[in-house]
Amino acid sequence: MIRLLSCAFVGAAALLFVARICAQSSAEIPEANPGRPTVSTPATLTPVGYLQFENGGLYAETSPEFATLFGINQVTKLTVASRLQLLALSAPLAQASGATGDALSGSRPGEVFAGFQAVVLYGEGHKPTVSLSYIRRLYASPAPEIDIGTFRNSASMLVSDDLAGFHVDINGIFSEQTKGTVRRGQFGQTVSISHPLGRLTVAGELWHFTQPLTSRNAIGNLWAVSYPVRKNLVLDAGFNHGLTSSSTRWEEFAGFTYLLPHRLWGFHDPK
């Protein structure tokens, strides 16, 4: 596990080296808006016209569907208007051992999703930012899933606010899970609270998802830290502990969020 985390940080360091050579001056680059590493997604969007990549590795063990699982995940975000963001989510690699049921062990590509997120209420003063999102699965993988499972369609309400020096993200999620001809609705709730400690940001999260195909519930507690190396590059690491018998016992993760420094359109006048 230490080797896997080390590889993730080495990759992030290499990306930082390239970014320092190729990026614009820091004054011209907007800040990244990471959605990782928490389960909760912020209601706020990334800067308009900039591509943002959220990449990481996950190692999980002791779950109903597998003994161990290592996965690489990637999320691409592009805000095309002040209220609309496009999303692409994928898992280029899922390597599992001890898979059960219909899931398969070994190295396989993970699932692929696409969707969008739209702001319905901008935060101002004591008012939170409120968004809605929709995501659809484009490719179903035979690799095992963690306790949350997978979905065909998913809709969410996202709320973000800053209160007394703390940042709060709250998500309410409704998804459609399928197995053969069976279709079931899944409900999820997440609450993430973060607070800066110097340049580090510490986040704690409690989440719950129903498991409609097994009539159980998955509940977990997540802790993570993130560090902004640059305005447009944020490193993160943390762990998640399952609190029910049908939850994945332990998950460790590390990754980074990188906002490309060059805007894709609408360049400002150099003056």
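Dipole magnitude for the range 98-194: about 460 debye, using +1 per Lys or Arg Cβ and -1 per Asp or Glu Cβ, origin at the Cα centre. Per residue, the average separation of C-alpha pairs within less than 8 Å and at least 6 apart gives the chain a relative contact order of 20 percent. Applying a DSSP loop filter and a limit of 12 other Cβ atoms within 10 Å to the trypsin sites (Lys or Arg not before Pro) in the range 173-228 leaves Arg199.
Ligands, DNA and RNA left out, the 1.4 Å accessible surface of the chain is 64% carbon and sulfur atoms. The charge dipole of the range 126-166, taken about its Cα centre with unit charges on the Cβ of Lys, Arg, Asp and Glu (plus for the first two, minus for the last two), comes to roughly 260 debye. Taken about its Cα centre, the chain carries a charge dipole of about 440 debye when Lys and Arg each add +1 at the Cβ and Asp and Glu each add -1 at the Cβ. Taking chymotrypsin sites (Phe, Trp or Tyr not before Pro) as exposed when DSSP calls them loop and at most 15 other C-beta atoms lie within 10 angstrom, the chain has its longest site-free stretch at 123-264. The value obtained for the chain, namely the Cα convex hull volume divided by the number of residues, is 135 Å³ per residue. In the context of the full set of protein chains, residues of the range 66-105 present 45 Å² of accessible surface per residue (probe radius 1.4 Å, heavy atoms only). In the elastic network of the chain, a GNM with C-alpha springs shorter than 10 Å, the most mobile of Thr100, Thr129, Thr68 is Thr100.
Please check: in the Gaussian network model of the chain (C-alpha springs, under 10 Å), which one of Ser247, Ser107, Ser160 has the largest mean-square fluctuation. Most flexible of the set in this elastic network: Ser107. Length gained on full extension, Ala67 to Leu138: 22.9 nm, using 0.36 nm per residue less the C-alpha separation. In the chain, the DSSP-assigned H stretches of four residues or longer account for a calculated mean residue ellipticity at 222 nm of -2500 deg cm²/dmol, using -39500 (n - 2.57) per stretch and the full residue count as denominator.
Label positions at Thr181 and Asn221, each projected 7 Å from the Cα along the C-beta direction, are separated by 4.4 nm. In the elastic network of the chain, a GNM with C-alpha springs shorter than 10 Å, the most mobile of Ala118, Ala218, Ala140 is Ala140. Can you give me the angle between helix 2-22 and the longest principal axis of the chain, using Cα atoms only, in degrees from 0 to 90, rounded to the nearest 10? Taking the Cα atoms of the chain, the angle to 2-22 is about 20 degrees.
The values are calculated or read from the model by the stated rules, or taken from the named source; none is laboratory data. Just so it is clear, the structure is predicted and the values come from calculations on it, not from any experiment. We place every Cβ from the backbone using ideal geometry, glycine too, and count neighbours over all the protein chains shown. Side chains included, ligands, DNA and RNA excluded: accessible areas come from the protein's heavy atoms. Shrake-Rupley method; radii C 1.70, N 1.55, O 1.52, S 1.80 Å.
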